[in-house]
Structures are given as C-alpha cells and as structure tokens.
Amino acid sequence: MSFLELQGVDVYYGDVPAVRQIHMRIGQKELVSLIGGNGSGKTTTINTISGLLKPHRGEIWFEKERIDLLPAHHIVDRGIIQVPEGRRLFPLMTVLENLKIGAYSMRVNREQRETLGFVFGLLPLLEERKSQTALTLSGGEQQMLAIGRGLMAKPRLLMLDEPSLGLAPMVVKKVFEIVKRINEQGTTILLVEQDVKHSLELAERGYVLENGKIQMEGTGADLLGNSQVKSAYLGI
C-alpha cells in the first residue's frame, strides 16, 4: 500500500455527487500534482483527505491506517496538513503569531522554536517581516506565510491548494521553487493547481480530474506531452 491511498472515493454535497470513484496513490516523499479546471473536484478531494468532508463511499488510507472515519483534528495529528486556497491568514495578527498558530497541536508544539528556525531558514523574508501584521504583506508574501504556517505543523503530507492563484508570474516562479525545496527536504506533497504547465513540470506524477472523475494519470512529463492535456489546459 502507498503512503496515501484513496480507494473508490465518492463525495456528495447533499444528493449531488462532487467526486466519483477517485482512486489515487502517493508514495512517500513524492510530489504529485492534481490538475483540473474550476469545479472539477480538486478542492473537494483534498478536503476529504483532510477530514473536512466525509466520503459517501470508499476508503482513505495513510501509512496503512484507515483515516476517512477519523475527525479532522486527528488527521492533522498524523501529519496531514492542508494549506488552503485563498491563504486564510489572520490579517490583524503578526507574521510570527500566524506562524505559531500552525504549531498548536501537542504533536509539534514542544518543538516550536526548532521548527520556527527551519521555516525562517527556508523563508527568510518571514523572519524579516515577523513583527508586521499579515494584512500589510503583498500577495506573494502572504502565500509564503500560508506555506510557512503549514510547515510549522511539521507535515508528513503537505497539501497545497492553488498556491499560485492571483500571483504575478515572477512570484509564481518563486512559490514553485519553494515547493520544490520543501519536497527535496523529504516532505511528501500533493499539489492542487490550475497552473498546469508549472505543476506538471514540478511533479513526479500527476492526475487529471474532470467532472469529478480521474480521467488520466501518469508522470508529469507524460501528461505535459499528452495531446488532450495540451488542448484542454495549455491551449496548444
């Protein structure tokens, strides 16, 4: 069994199916991309892994333990951390306060100082801005803070939901460089992105989600070269 595995997962909103028969696997230390258009079910999928939504049917396994029956805070305790779309920072709190919130759980709180040093080493801008309120940061800086807050929880699996959304191209490049460095340091990553080109260039493997179903999977390079992906997402 893989590090994380979804087996035939269906999720409904009321009587309406959102995702159907999702089969996914992620190996330890892999960087896997989940791509698809708006409304394809990407955020629903990772919200279900996080325990914010419950499957109508199917199972989710993490390190040989079934987790879809667990409450969300127990899933966080196992090291599955989600950086949500839109960042969802506390705007009137400082950078440092926002980071410390990421280390609230007992699993990581005792190592908060050590983890903070790691985050500042990876994202030195956050140390420079640590006394500023999150509201005063640029969009790119706020995204760095959202990622840093996720890292404060010492993720074993880090799920990033649209980290490039609304950012300038140069900032997007910087965000993806940071994602790559996090993965190279041993953290497993599930990257949910509409920026198909960058995410597949970065990923070892990828899944294409359309209308709530996985339509394709393969290596990042293979999907980038696929004629259907080129036509639907790259305009080629």
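Computed from the coordinates by the stated procedures, all read-outs in this text should not be read as laboratory data. Every value quoted in this text rests on a predicted model; they were computed, and no experiment measured them. Backbone-built Cβ (ideal geometry, glycine too); neighbour counts: all protein chains shown.
Full extension of the chain between GLN112 and GLU97 yields a length gain of 4.2 nm, computed as 0.36 nm times the residue separation minus the alpha carbon distance. Local charge for GLU141 was computed over the other residues whose Cβ lies under 13 Å away, with Lys and Arg +1 and Asp and Glu -1, and equals +3.
Spacing of the modelled spin labels on LYS197 and SER227, each 7 Å from Cα toward Cβ, amounts to 2.1 nm. With each label modelled as a point 7 angstrom along the Cα→C-beta vector, the HIS56-ASN211 pair spans 1.6 nm. Length gained on full extension, GLN132 to LYS29: 33.7 nm, using 0.36 nm per residue less the C-alpha separation.
Between HIS74 and THR219, what is 0.36 nm times their sequence separation minus the Cα-Cα distance? Round to one decimal in nm.
Gain in length upon complete extension: 49.0 nm.
If R0 equals 22 Å, the separation of the Cβ atoms of ARG88 and ASN38 corresponds to a calculated FRET efficiency of about 0.70. Put a dot 7 Å past the Cα of GLU65, heading toward its Cβ, do the same for LYS180, and the two dots end up 3.4 nm apart.
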